[in-house]
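A short write-up of the structure that comes next.
The values are calculated or read from the model by the stated rules, or taken from the named source; none is laboratory data. Bear in mind that the values here come from a model prediction, so they are computed numbers and not experimental data. FYI the Cβ positions are ideal-geometry reconstructions off the backbone, even for glycines, and counts take in every protein chain you see.
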């Protein structure tokens, strides 16, 4: 159900840039359609706000310290009482809207758009609509590996080849910690818990091609 039009839309923001935080606070302060309930600097504090209060729409960045946009969406995925989420980012990655939609976001707005575009997106999402730029939705189902970065694809292929973390670090000339970081993101994106499940997912994906 959408938010009733006579009630201000309660909003919580997760934005790492202090200057943009201030701009957004001013933007909402001058518009009686919205009520800014809280402003947080990262995904972890945003999730704490979700536990602490009820609000209608969350506006989150994609690249944030600690818990990024992907992690926030994954954490809220199974919550029936959670807010609708809009990913508001300046990321140049054209695949972010598709990833956000796949993870359950209700909307996407680029920071390159005029501020009014964000306000329109919030209103639409609060009313129960989804707002995204054009996405070839057939790709959501046809390629389960589409959301992986080139580095994550490399690591997944290396996993399927039986390499250890140390061997992958040596082969790709990156640190062991970097390998672990990428593997965590990889597992999260694929929705698996360990390397055996990731390899099974990879092999299944190749068979489907």
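Checked against the criterion of being modelled with pLDDT under 95 and buried (at least 16 other Cβ atoms within 10 Å of the Cβ), the candidates 144, 133, 94 yield just one match: 144. Within the range 157-209, count every residue that is more than 23 Å from residue 99 (Cβ to Cβ) and part of a loop (DSSP other than H, G, I, E, B). Matching residues across the range 157-209 total 6. When 87, 12, 25, 72 are screened for being surrounded by 20 or more Cβ atoms within 10 Å (Cβ to Cβ), touching a strand residue (DSSP E or B) at 6+ places or on another chain (Cβ under 9 Å) and assigned to a helix (DSSP H, G or I), only 72 passes.
Among the residues of the range 92-130, how many are without any contact (Cβ under 8 Å) to a residue 12 or more places away in the chain and closer than 16 Å to residue 73 by Cα? Qualifying residue count for the region: 0.
Residues checked against (1) assigned by TED's automatic domain parsing to the domain that holds residue 18; (2) in contact with a strand residue (DSSP E or B) (Cβ under 6 Å, 6 or more places away or on another chain); (3) assigned to a helix (DSSP H, G or I):
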site	(1), (2), (3)
49	yes, yes, yes
59	yes, yes, no
64	yes, no, no
99	yes, no, yes
125	yes, yes, yes
129	yes, no, no
